[in-house]
1. Would you mind telling me which numbered condition in (1) exposed (fewer than 11 other Cβ atoms within 10 Å of the Cβ); (2) modelled with pLDDT of 90 or more Ala9 fails?
2. Name the pairs: first residue in the range 22-44 and in contact (Cβ under 8 Å) with a residue 60 or more places away in the chain, second residue of a type in the set (Lys, Arg), Cβ to Cβ under 9 Å, at least 6 apart or on different chains?
3. If a residue must be surrounded by fewer than 10 Cβ atoms within 10 Å (Cβ to Cβ) and of a type in the set (Ser, Thr, Tyr), how many such residues does the range 22-59 contain?
Amino acid sequence: MSDESKMSASEKKKEDWMNSKWRPMMGWMYMAVCSADFILFPVLWSIVQTIGGGSVNVQWQPITLQGAGLFHIAMGAVLGIAAMGRTQEKLAGANNGGAGGGYVPPPPVSAAPTPSFSAPSFSAPSFTPAPMTADEVKMVNGKKAPVQPSFPEI
């Protein structure tokens, strides 16, 4: 018997809970750390300074921004890769204990065979303008130019 068949239903459920809940827990943890470091601690710091010395002399320095904000970069990478991994799991049909069924992709569409084309050969058109007579030439800004017809040629 394999190890998976020896596992009880509660052990499988625990494993499923951990696998499905670690991504949201990381997001909630990051939100709590940012809320504490940027909202709660600065307010408490000001209150402690006001009670202790009567005035706020030193501004709160966020702990998570120490070390060039590496904490935020790391958490962004962890949450971004986790979100991308979960998207791939959903597209593959894994549900990991959530409600409802997984995503079932539509059946693949067979593409029509693409015809092979050979490169067309282009040659420059052989066009030699007819020489213009004196009454067909007019002067535009001191330069000779052909007289334009009264209607556009197509």
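The values are calculated or read from the model by the stated rules, or taken from the named source; none is laboratory data. The shown structure was predicted, so the numbers you read here are calculated from the model rather than taken from an experiment. Glycine gets a Cβ as well: all are built from the backbone with ideal geometry, and neighbour counts include every protein chain shown.
1. The one condition Ala9 does not meet is (2).
2. Arg23/Arg86
3. Residues flagged as surrounded by fewer than 10 Cβ atoms within 10 Å (Cβ to Cβ) and of a type in the set (Ser, Thr, Tyr) within the range 22-59 amount to 1.
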